[in-house]
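One structure below.
Every number in this text was worked out from the coordinates using simple rules, so none of it is lab data. Worth saying up front: this structure is predicted, and the values here are computed from it rather than measured. Don't worry about glycine lacking a Cβ; one is built from the backbone with ideal geometry, like all the others, and counts go over all protein chains shown.
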Amino acid sequence: MIKVLTRLLCLVGISAMSVASYAIDIPPGQGIAPPPGKNSIRFEVNSVRVGEKYRDSESLNTGSELEFNSLGIQYSRSLMIKDRLAGFYVNSSVASAVPGGSIAAQGDASGITDSAAALVTWLHADKAKGRYVVFGGFVVVPTGDYDSDRAINFGGNRFAGGFQLGYHTRLAKKWDGMVTTDVMFTTKNDDYRITHQTYEQDPLYSMQFTLMHNIDPSLMLSATYYIYRGGAGHLDGVAMDNDVSRNRYEMVLSKRVKSAKYYLFVGKDNDTANGFIEDRRVSLRYQYYF
């Protein structure tokens, strides 16, 4: 029984780290070029619940539940680099994990998560036609709390980074669309799980398709579909046969009030081939521009 529980907790530990190891998503409307010299600070509260573990698209019936709650902060600024508009951001958060279901007896955990930073530039910006092309690079720094002897961790104990390309266009008078694609690479984790093995991950690819409806100049409703592929793991050089094949969707309602913008995000996984399925994702964001 102890061995079974330990194995289950190790699996849950993988999921705790993988919540942050997927690609960095772009919120609706973020592809629009801002004026140079614009600053913003963003606070967000996130609640994510993951449930059953899947293997080759089949449920393993673990009966596990794990809820992650986090409070994050992000600073961003737009600027000119020579004659080209660019922007950067840095962010981090603190989080808590609440086990449930078959692992409810485990204690709650909390800690600092990994941090991220990005630098982007607009390759094309046509405000009159509402068309923008943005390219960026990002890095994830292992600042998160990590201990290989713990089942639940808030950091991956490794660096990650990648590139993103996005296209935003006006479709009709009150409708916009956005398509983005990215790839993420990660370094090794040489102290993985209680056996202290070396974990490596293949590049992870993703795309997102967003449809935005501008109800009025200050109110927007959007829907996004996300696709993730690749990212198979290797433990001490042995393939784990756990390729990521995940699809999820999300609805966002945003409202601008003077120099601030409020967001409500609601979504979940549609399906996943390998890993814990995300049953619910809810986020509240407040962004202030100055």
Report the equivalent ellipsoid semi-axes for the stretch 2-289 in whole Å, largest first, defined as the square roots of five times the eigenvalues of the gyration tensor built from alpha carbon atoms. 34, 20, 18
Per the rule of 0.36 nm per residue minus the C-alpha distance, extending residue 104 to residue 147 adds in nm 13.4 nm
Candidates 259, 59, 78: whichever shows maximal mean-square fluctuation once the chain is modelled as a Gaussian network with Cα springs under 10 Å: 259
For the chain, modelled as a GNM with alpha-carbon contacts under 10 angstrom, which of 62, 210, 113 fluctuates the most? 62
So what is the relative contact order for the chain, in percent, with contacts set as C-alpha pairs under 8 Å and at least six apart? 18 percent
Let's test the formula: R0 of 41 Å, r as the Cβ-Cβ distance of residue 191 and residue 81. What FRET efficiency results, to the nearest 0.05? 0.60
Dipole size in debye (nearest 20) for the chain around its Cα centre, Lys and Arg Cβ +1, Asp and Glu Cβ -1? 1560 debye
Cα centroid of the stretch 214-290 to Cα centroid of the stretch 54-110, whole Å: 10 Å
Centre separation in Å (Cα based) which lies between the stretch 155-169 and the stretch 128-151: 5 Å
